[in-house]
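Just below is one structure, and these are the notes that go with it.
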Amino acid sequence: MTANRPIAPATTPGRRRMLGALAAVGSAAALTGIATPATAQSQGPTDESTARTSPRQLMAGFYATYNGDLAAGFERYISKDLVLHGFDGPNSRDAWVAGDLELKSALSGFRMDVFDQLVEGNKVVTRWRLGGVHTGAILGIPPSGLEVSLTGISIDRVVGRQSVEHWSEGNFGRFLDTIRGKSA
């Protein structure tokens, strides 16, 4: 993410394969530490494995809770003193929690997919997609029965074992148009 660092080109097919394999191994290693749902992992501050968890592993753990116990994920990974820069500007942590829990309950077959996570210092950039079938009210919009998705990119600044600042950008306007039955 730092623009001043030159990146060595992957000029040969062998080098591209090797870099791809290393990236896959690194991703698998990062996800190994978060394969257990957040509620099943030790949450004690003196837990040695948690103390060594990287910002990327912590945020991978948080986003994994979207497919499990999301409320517990917010409690574990998101600071109560969070500074939030949401889709509509600065907002509150409580509004983010309530909104995402509402989305999850209103979409049958809800699923969150994380496509990429990049780290620079203590900031983790996550590119994601969530979706399902719109079977419950969202922001007062009645169920449409449509398969919908919301995509976005979020940045979390991690201090200790929690995100203390969060930015999000995404296609929320298109998402709302879809659930309202408007064509893109």
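The values are calculated or read from the model by the stated rules, or taken from the named source; none is laboratory data. As the structure is a computational prediction, the values presented were derived from the model and not from experiment. So basically every Cβ, Gly included, is an ideal-geometry build from the backbone, and we count neighbours across all protein chains shown.
Remarks
- Taken over region 34-79, residues that are under 25 Å from residue 99 (Cα atoms), assigned to a helix (DSSP H, G or I), β-branched (Val, Ile, Thr) and modelled with pLDDT under 95 amount to 1.
- Region 168-177: number of residues that are surrounded by fewer than 17 Cβ atoms within 10 Å (Cβ to Cβ) and in contact (Cβ under 8 Å) with a residue 60 or more places away in the chain: 2
- Criterion (in contact with a Lys or Arg (Cβ under 9 Å, 6 or more places away or on another chain), of a type in the set (A, V, I, L, M), modelled with pLDDT of 95 or more and surrounded by 11 or more Cβ atoms within 10 Å (Cβ to Cβ)) met by exactly one of 107, 82: 82
- Which numbered condition residue 135 fails, given (1) surrounded by fewer than 18 Cβ atoms within 10 Å (Cβ to Cβ); (2) closer than 27 Å to residue 79 by Cα; (3) free of Cβ contacts under 8 Å to residues at least 40 places away in the same chain: (2)
- Reported count of residues in region 85-104, each being in contact with a His (Cβ under 8 Å, 6 or more places away or on another chain) and either in a helix (DSSP H, G or I) or exposed (fewer than 15 other Cβ atoms within 10 Å of the Cβ) (or both), is 1.
- Number of residues in region 103-121 that are under 22 Å from residue 159 (Cβ atoms) and within 10 Å of the chain's Cα centre (by Cα): the value is 2.
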